Number of protein chains: 2
Amino acid sequence: MRATVMYGAGDVRVETVPDARVIEPTDALVNITRACICGSDLWPYKSMEPSETGRRMGHEFIGLVEAVGPEVRTVRKGDLVVAPFAWSDGTCVFCREGLQTSCLHGGWWGGTELDGGQGEAVRVPQADGTLVVLPVGKDDALMPSLLTLSDVMGTGHHAALAANVGPGKSVAVVGDGAVGLCGVIAARRLGAEQIIILGRHADRIALARDFGATDVVSERGDEAVERVKELTGGLGAHSVLECVGYEQSTLTALSIARPGGAVGRVGVPQDASIPAAQPSFFNNVTIAGGPAPVRAYIEELLPDVLEGRIEPGRVFDRVTDIEGVPDGYRAMDERESIKVMIQF
Amino acid sequence: MRATVMYGAGDVRVETVPDARVIEPTDALVNITRACICGSDLWPYKSMEPSETGRRMGHEFIGLVEAVGPEVRTVRKGDLVVAPFAWSDGTCVFCREGLQTSCLHGGWWGGTELDGGQGEAVRVPQADGTLVVLPVGKDDALMPSLLTLSDVMGTGHHAALAANVGPGKSVAVVGDGAVGLCGVIAARRLGAEQIIILGRHADRIALARDFGATDVVSERGDEAVERVKELTGGLGAHSVLECVGYEQSTLTALSIARPGGAVGRVGVPQDASIPAAQPSFFNNVTIAGGPAPVRAYIEELLPDVLEGRIEPGRVFDRVTDIEGVPDGYRAMDERESIKVMIQF
C-alpha cells in the first residue's frame with residue numbers, strides 16, 4: 001500500500017510499504033477514505049533529524065472498516081469510522097474519566113511501529129475504544145467537517161473547555177491556524193460574548209469572522225497585549241486559547257488573560273518554559289490543557305456537525321490525492337494553505 | 001511607634017518610626033494586638049539588596065480599631081479586626097468576583113509607602129473592604145488560629161481550591177511550612193481521602209499527621225516522585241498543593257500530579273520558569289493558583305475556627321514581643337521555628 005514517510009526536515013515521501021493488517025484480536029483494519037495534514041506535522045517537517053528508517057505520518061482519518069479481530073465488538077466490516085488522533089482502550093481509569101490521551105493501553109499513530117493516517121490503510125489497535133461509527137456514506141458532503149472531529153475541532157473545543165469559556169465571557173484566541181479557527185467555533189458554540197482572534201493572515205481572519213470572531217488583533221508581542229487590553233476594558237480576556245505552542249505565543253496568551261482568568265493551551269510546546277511568576281502567578285491565571293482527548297468529544301460534537309450548526313470543515317482549503325501529500329506539507333509550511341485534505 | 005524595618009538580607013531591625021494615623025477618609029487606624037512572621041518574609045531576608053531607607057515588614061495582623069476616617073462604614077473604634085495580607089476596596093470588579101488580590105484600588109502592606117503588620121499600629125487603606133470584625137475579645141484563646149486567617153490558613157485553602165480538592169480525592173502537599181500544614185487542614189476540610197505530605201522535619205510532620213495527613217514522603221526529587229506514585233496506585237495525586245515556590249518543588253509538584261489532575265500553587269515563585277511541555281502539558285495537568293484572595297475566605301473559614309473544627313493556630317510554635325522580631329526571623333530562617341507570633 002502507499003503511505004507517507006518522513007525522513008527528515010523537509011523530506012516527506014510517499015512510498016509503497018507493507019500492507020496494513022489485523023494483528024491483535026482487538027485490532028481493526030481500516031481502508032482510509034479521507035485524511036489530512038496537521039499543523040503539528042509541520043514541527044518535524046521543520047526540525048526532524050535525518051533518519052534511515054523514516055517515520056510514518058498522519059493521525060487524522062476517516063475510513064471503511066475492512067476487517068476486525070475476533071475480540072472487536074462495536075465496529076464491523078463496512079462501517080464508516082472516524083478515529084481520534086490517539087488510540088485508546090475506552091476502559092482504563094483515564095478513558096473512563098474522559099482523558100483518552102492518557103489511556104494506560106493507548107498510544108499514537110505513526111512513528112516507526114504503527115501505520116499513520118496519511119496512507120491507504122491503517123491497523124487500528126483497541127478498535128472498540130478508538131473508533132466511532134459515522135451514520136453517513138463515505139462521500140457525504142459533510143466529510144470535511146466530520147474529518148475535523150479526529151483532531152482540530154476537538155482540539156479547539158478542548159482549548160475552550162480548558163480556558164473555562166462560557167456564556168457572556170470574553171475570549172481571545174492566539175493563533176489563526178486550523179486549531180485556532182476551530183477554537184473560535186468552539187468559543188461561540190459555548191456562548192462566548194466577545195471572541196478576539198490574534199492573527200494576521202487575511203484569508204484566515206475572514207474565516208474566523210465567519211466562525212464568530214468579533215474582533216481581530218493583528219499586532220504581535222507587547223502591542224498585541226495592549227490591543228487586547230483595550231478591547232476588554234483594560235482587564236484582559238476571561239479565557240485565552242493558546243493554539244500555537246511557541247514560548248512567545250504562550251507568554252502573549254498569559255499576558256492577555258484577565259486576573260482570575262484561564263489559558264487553555266493545546267499548541268504542542270516547542271520551547272523550554274513558561275515564566276513561573278509573571279504574569280500568571282500574580283494574576284491567579286490558570287494554565288490548563290494539553291493533548292485533547294478528542295475521543296471524548298466526538299459524540300458531543302457530532303450532532304452539531306451532522307445538523308450543520310458548525311462547519312469546521314471550512315478550514316480545509318486544498319484537496320490532494322496521496323501522491324500530492326509532500327506538496328501539501330510544503331503548501332502548509334509556506335502558509336499557502338490553512339489545512340490540506342487527502343482524498344483516497 | 002515601634003515597627004520592623006528590613007535593610008537588607010539578614011538585617012532586620014525594630015525601630016521607632018512615625019506614628020500611624022488616618023490620612024484618607026476611607027482609612028482606619030488599627031493598634032495591633034497580634035501579628036506574625038511569614039515564610040514569604042524569609043525571601044527578602046535571604047536576598048534583599050542593602051537599602052538606605054529600608055522596607056517596613058509584616059502583612060498578617062489582628063488589632064483594635066483606634067480611629068476611622070469619615071467615609072468608613074463597617075468598622076468602628078473599639079472593634080477587634082483581622083486584616084488579609086492584601087488590602088482591597090471590596091467594590092471593584094475583581095473584589096466582587098472574589099479575587100481581592102487583584103483589586104483595582106488595593107495593594108500590599110509595608111514596603112516604603114505603607115505601614116507593615118510587624119509594628120505597633122497600621123494605617124489601613126480601604127478599611128471597609130479590607131477589615132473583618134471578629135466576634136471575640138482581644139485575648140481570646142482562639143487568637144492564634146484567628147490570626148492565620150490573615151494569610152496562611154486562607155492561602156492553604158486557596159491552594160486546595162486551585163488544585164480541585166474534593167471528596168474522595170488523593171492530595172499531595174509539597175512543603176511542610178505553615179502554608180503546607182494549613183494546606184493539609186484545608187484538604188481534609190474539603191473531604192480529601194488521602195493526604196500525602198512531602199516534608200522532612202519531624203515536628204512539622206507530626207503536626208501534619210494531627211491535621212489529617214495520611215502519608216508522609218520524606219524523599220526529594222525523583223525519589224519523591226516515585227514514592228508518591230507508589231502511594232497512589234502508580235497514577236499520581238488528583239490534587240497537588242505547591243506550598244514552597246522553588247523551581248525544583250514546582251517540578252516535583254507537576255510530576256506527582258495524576259494525568260488530568262491539578263497543581264494549586266501558592267508558594268511565591270523564586271525562580272525563572274516552569275517547563276512548558278513535560279510533565280504538565282502531555283498529562284493535561286492544570287496549573288492554577290497565585291496570591292490567595294484570603295479576604296474572600298475569612299467569612300467562610302471563621303465559623304470553623306470559632307467552633308474549633310480546625311486549629312490552624314497550632315502552626316505557631318514561638319511567641320515574641322516586638323523587640324524579639326529580628327530573632328524570630330533568625331529562628332524561622334534556621335528552621336528552629338515553624339512560625340513566630342508577635343504579641344503586643
(request) Would you confirm whether any residue within region B:250-272 is within 19 Å of the chain's Cα centre (by Cα), within 29 Å of B:ALA202 (Cβ to Cβ) and away from chain A (no Cβ under 11 Å)? (result) yes
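Test B:ARG73 against the stated conditions and say whether it is in a loop (DSSP other than H, G, I, E, B), basic (Lys, Arg) and in contact (Cβ under 8 Å) with a residue 24 or more places away in the chain.
So B:ARG73 fits the description; yes.
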(message) Checking the condition under 16 Å from A:VAL12 (Cβ atoms), in contact (Cβ under 8 Å) with a residue 40 or more places away in the chain and surrounded by fewer than 18 Cβ atoms within 10 Å (Cβ to Cβ), which residue from A:GLU334, A:GLU323 passes?
(response) A:GLU323
(request) Can you tell me which residue among A:VAL305, A:VAL315 is in contact with a Lys or Arg (Cβ under 6 Å, 6 or more places away or on another chain) and more than 8 Å from chain B (Cβ to nearest Cβ)? (result) A:VAL315
(request) Please work out if A:THR26 is buried (at least 21 other Cβ atoms within 10 Å of the Cβ), part of a loop (DSSP other than H, G, I, E, B) and in the same structural domain as A:TRP109 (by TED's automatic domain parsing). (result) yes
(message) Looking at the structure I just gave you, is B:GLN278 surrounded by fewer than 22 Cβ atoms within 10 Å (Cβ to Cβ) and within 14 Å of another protein chain (Cβ to nearest Cβ)?
(response) yes
(request) Filter region A:100-119 for residues that are surrounded by fewer than 24 Cβ atoms within 10 Å (Cβ to Cβ), within 14 Å of chain B (Cβ to nearest Cβ) and either of a type in the set (A, V, I, L, M) or assigned to a loop (DSSP other than H, G, I, E, B) (or both) and give the result. (result) A:LEU104, A:HIS105, A:GLY106
(request) Mind listing just one residue for me: the one in region A:31-57 that is farther than 19 Å from A:THR155 by Cβ and of a type in the set (Lys, Arg) and, of those, surrounded by the most Cβ atoms within 10 Å (Cβ to Cβ)? (result) A:ARG56
(request) Being at the interface with chain A (Cβ under 10 Å from one of its Cβ atoms) and of a type in the set (Val, Ile, Thr) is the filter here, so list the residues in region B:76-99 that pass it. (result) B:VAL93
(request) Hey, could you check region B:58-80 for residues that are in contact with a Leu (Cβ under 8 Å, 6 or more places away or on another chain) and small (Gly, Ala, Ser) and say which is surrounded by the fewest Cβ atoms within 10 Å (Cβ to Cβ)? (result) B:GLY78
(request) Taking B:VAL268 as the residue in question, decide whether it is in a loop (DSSP other than H, G, I, E, B), over 18 Å from A:ARG265 (Cα atoms) and of a type in the set (A, V, I, L, M, F, W, C). (result) yes
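Just checking, how many residues over region A:83-99 are hydrophobic (A, V, I, L, M, F, W, C) and either loosely packed, with under 15 Cβ neighbours inside 10 Å or part of a helix (DSSP H, G or I) (or both)?
The number of residues fulfilling the criteria is 3.
The values are calculated or read from the model by the stated rules, or taken from the named source; none is laboratory data. Everything numeric here is computed off the predicted structure, so don't read it as measured data. Positions of Cβ are backbone-derived with ideal geometry, glycine not excepted, and every protein chain shown enters the neighbour counts.
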